[in-house]
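The values are calculated or read from the model by the stated rules, or taken from the named source; none is laboratory data. Everything quoted here is computed from the prediction, not taken from an experiment. Here Cβ is always computed from backbone atoms with ideal geometry, including for glycine, and neighbour counts include all displayed protein chains. Protein only, heavy atoms only, side chains kept; ligands, DNA and RNA dropped before computing areas. Shrake-Rupley method; radii C 1.70, N 1.55, O 1.52, S 1.80 Å.
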Amino acid sequence: MIHLLFLLALQYDPNLSPKFTEASRLLQQQRFPEAITILDTLTKEKPAVGEYWYALGIAQAASGNSAASLAPLEKACTIPDRVARACYHWGRQFQSMRRHSDAIAAFDKAGKNAEDSLLLTAKAQSYEALDQPGAADQAYRGALAESALRPKNSAEIQLRYSAFLIRQGNIEASLWQLDQVIRKQPFMGIAWREKAGLLMAVGRKEAAVDALEQAIAHGERNRDNLLLLSRIYAELGNKEKAQSYKEEAQQ
């Protein structure tokens, strides 16, 4: 959220009130009550300006008041001078309150032209929470299509999508997605770790060892992973490596 506030503070528009510049500075400094006071005044003075409503909603959300953020974010999303990105944040606040049907309705208000991978991934999560796996799958695929030319972004989405496929019991499809993640981001240790777990689940221990070794080499060197690798090597009959990793885990 703080990162979003920094972005907000950088969105300087000379046509907006100098008070908005001051409110943006206060947001950047995490002085939320003071920023809210200014932004509340601005929305009353100029209720047709979407950026003022959007900033007020973001400030309320950042201060931990999700309920208070809903009305200004709805305004920012739906008034004529709308802020399309406000629809995403409006939906995210509904998600934080576990109001997933409302979240999807808010996301839809953004319109097709504003459905980027971030919004579509969030929508997929709400569809899954509502036990609508078909709609969730379609949203994930939409997110992947939208991010196709951004390998790092699409890899992160595919990692989430692979976890969704696991929850749906589709192991082979999840493995395929993880292979695509690793092709795009070969040093993403968590992807290697997830792949190792899946390979273990289907009894492919030799391949699981290779994947887990890669995970450990790329940032996932922790006690649990070392003990797991030790156990797999023991099951494969490699007592020397099993003991080596066990000793390292116990250090």
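Among the residues in the stretch 88-97, are any touching a residue at least 12 places away in the same chain (Cβ under 8 Å) and surrounded by fewer than 20 Cβ atoms within 10 Å (Cβ to Cβ)? I'd like the intermediate steps shown before the answer.
Residues of the stretch 88-97 that are touching a residue at least 12 places away in the same chain (Cβ under 8 Å), as a first pass: 88-97.
Those still in the list that are surrounded by fewer than 20 Cβ atoms within 10 Å (Cβ to Cβ) too: 96-97.
Yes, the conditions are met somewhere in the stretch 88-97.
In summary, R98 fulfils each of the numbered conditions (1) part of a helix (DSSP H, G or I); (2) farther than 23 Å from P47 by Cα; (3) among the charged types (D, E, K, R) with the single exception of condition (1).
Which is assigned to a helix (DSSP H, G or I) and under 30 Å from L228 (Cβ atoms), of R193, R141? Spell out the reasoning first.
On the way: R141 fails: under 30 Å from L228 (Cβ atoms).
Of the residues listed, the single one that is assigned to a helix (DSSP H, G or I) and under 30 Å from L228 (Cβ atoms) is R193.
Cβ separations smaller than 7 Å between residues 6+ apart or across chains give the following pairs from the stretch 215-231 residues that are over 9 Å from K246 (Cβ atoms) to residues that are among the basic types (K, R): A215/R193; E220/R193; N225/R193. Residues in the stretch 215-251 that are open to solvent by 70 Å² or more (accessible area, probe 1.4 Å) and in contact with a Phe, Trp or Tyr (Cβ under 6 Å, 6 or more places away or on another chain): K241 only. Restricting A173, A139, A163 to residues that are farther than 30 Å from A234 by Cα and out of contact with any strand residue (DSSP E or B) (no Cβ under 7 Å at 6 or more places or on another chain) narrows the list to A139. In summary, R85 fulfils each of the numbered conditions (1) part of a helix (DSSP H, G or I); (2) among the charged types (D, E, K, R); (3) over 21 Å from L120 (Cα atoms) with the single exception of condition (3).
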